[in-house]
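Values in this text are rule-based calculations from the coordinates and carry no lab data. Owing to the predicted nature of the structure, the values given are computational and were not obtained by experimental measurement. Backbone-built Cβ (ideal geometry, glycine too); neighbour counts: all protein chains shown.
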Amino acid sequence: MTSSACHIDISHVSKIFGAGEPGEVVALRDVDLKIARGEFIALLGPSGCGKSTLLSLLAGFQTATSGALIQNGREISGPDASRTVVFQDYALFGWLTLQKNVEFGLKAKKVPKRERAEIARDFLARVQLSGFEDKLPHEVSGGMKQRAAIARAMAPDPEILLMDEPLGALDAQTRVLLQEEISRLSSESGKTVIFVTHGIDEAVFLADRVVVMSPRPGRIREIVTSRLPFPRTAEMRADPWFTSTVSNLWETLKPEWQKEDEQ
Amino acid sequence: MTTQAVRPVLDAAGAVPEQKQAPAPRANSTGGRWRSRRTVALNVIGIGTMLLLWQGLTAAGAINSFLLPSPVAVLDSLWEMSKDGSLWVNLAASLKRVCVGYLMACAVGLTLGFICGWSQVVAELVRPIIEALRPIPPLAWVPIAILWFGLGDMSAYFLVFLGCLFPLFFGAYTAVRSIDRNQINAALCLGASRWLLFSSVLVPASLPIMMPNLRLALGIGWMCVVTAELIAAQTGLGYLIQQSRMLFQIQNVVAGMVAIGVVGFLMSAAVERIERRVNAWAPSERN
């Protein structure tokens, strides 16, 4: 992992909302992170730690107040199809079938009609949604919606997959199943993945490196490098390294979670 | 925590009458069909009773049939006017005016509404003007309309246009502002061009919110055309009513009113039908 080229270079990035005004909020302060090609990064922390803001900066939805976000040596200046996003609330287009949702990015890339139908069907099959191509999003379950959203994000073949608490709205069982699927899909595709979560076990289960963040101001607190091989499978949840890492992280993050709870 | 921050353009709110649409009830299976049959039966009983009562009271002389002709007399004169073609000629004239005025208002109102919904700066420039013009009822524009366009189609177009403009503008404006920012972001990160974003995301996402206003505007347009024709035209259902009044053909006056009512009802029902189809995907997505 370390031998491959630096894919994303986040250097001295700060994001301040309402800068210069009395109620200014420092969402991120001086964040530095280098991400290798094909790496799976989990951004972990309580709410307010700036992990979603960092993802949004990476997506190009917002711009940093200071510092730079560099992808392949070029600064990220706005959203583009080399970095697609999976949202917590799915953000599927409700008026389009799952098939058409997945085709959307291909249509934007001007892939011919028949080819894009094929590619979309293939991606829906990979997320186990064969037979649901013609359903509208409101006709399927939350887990299926998120699978479709993952297929939609992967179909245009982005370099980087940005996932913003994608499993946050799902029930525990669906979450576990989808964690395994995401791990399989990401190691198959070899894409760089940045995965925002506040689930400790989820972060440790999925990531090459868990980037632990702290709130007020949002900053990187520590980075945990995983020892688990890929793809991750269910039995790794019983691995001694996994369990001890999860409980150590729980101990370090607990005070902040308690603080958050009191507020 | 960041989602608020990602909504730069669409959220910095002015004092708009934000109208969130309640999800439309979905027509479902057999229970729904039974209920709708019952509804229709009750509706028919209601209207039938009123007509019978009206007919009975005029026949008995309790209602002066010169002031309010009986339903049978009204039906008779509708039949006469449809036979000699005057009903159809005037109906066609009115419909044409509504359509032209409505489409002009769509072109201007929806476009302006979309732009204002998208750009805060434009919204702040345009909204005061709209708010200042909005309280003026179309009737108050009639003298100016006649002065500018004379008697005839152009005046009617203008009045229908004015009547429809504001609900259409606010429909589009509110709709664009209430679109889920994440859906726009999703489209952008998938590489959507401006055109694809507009045609495949903004328009379909705003349709369910816009539809009630499209329907409302059509109803207002229909009222405006009659108003215009009462004063500023020489064809149309409004003109027919006015002309009949001068000739003391009161049953024709009422027949004209009935025609207006029926056509207005049919138009609204047609749009509602389209609305239901457009909203088919909406309920659980915006729960």
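Here the average projected area of the convex hull drawn through the C-alpha atoms of segment A:134-263 stands at 9.5 nm². Taking only the C-alpha atoms of segment B:88-282, Rg followed by Dmax gives 19.2, 68 Å.
Normalised size of chain A, defined as Cα radius of gyration per 2.2 N^0.38 Å with N residues, equals 1.01.
Mind pulling the per residue volume of the convex hull built on the Cα atoms of the protein assembly as shown? Å³ is fine.
Numbers: hull volume 114.7 nm³, N = 550.
It is 209 Å³ per residue.
Projecting the Cα atoms of B:V278, B:F166, B:L147 onto the dipole axis of segment B:88-282, where Lys and Arg carry +1 and Asp and Glu carry -1 at the beta carbon, places B:V278 farthest toward the positive end.
Please give me the summed charge of the neighbours of A:R227: other residues whose Cβ is under 13 Å from its Cβ, Lys and Arg +1, Asp and Glu -1.
0
In summary, the lysines within cross-link reach of A:K15, defined as a Cα separation below 23 angstrom excluding same-chain residues under 8 places away, comprise A:K34, A:K51, A:K259.
Kirkwood hydrodynamic radius computed over segment A:11-138 comes to 17.2 Å, based on all pairs of distinct alpha carbons. Projected onto its three principal axes, the C-alpha set of segment B:200-245 covers 50, 14, 11 Å, listed from the longest axis down.
Which value in deg cm²/dmol, rounded to the nearest 500, describes the helix-derived mean residue ellipticity at 222 nm for the protein assembly as shown, given -39,500 (n - 2.57) per DSSP H run of n ≥ 4 and division by the residue count? Can you show the working numbers first?
Details: 21 runs with 304 residues, N = 550.
Rounded to the nearest 500, the figure is -18000 deg cm²/dmol.
Ignoring lysines fewer than eight residues from A:K110 along the same chain, the ones with Cα atoms less than 21 angstrom from its Cα are A:K100. Straight-line reach from A:K254: taking Cα to Cα under 18 Å and skipping same-chain neighbours fewer than 8 places apart, the aspartates and glutamates in range are A:D201, A:E202, A:E222, A:E262.
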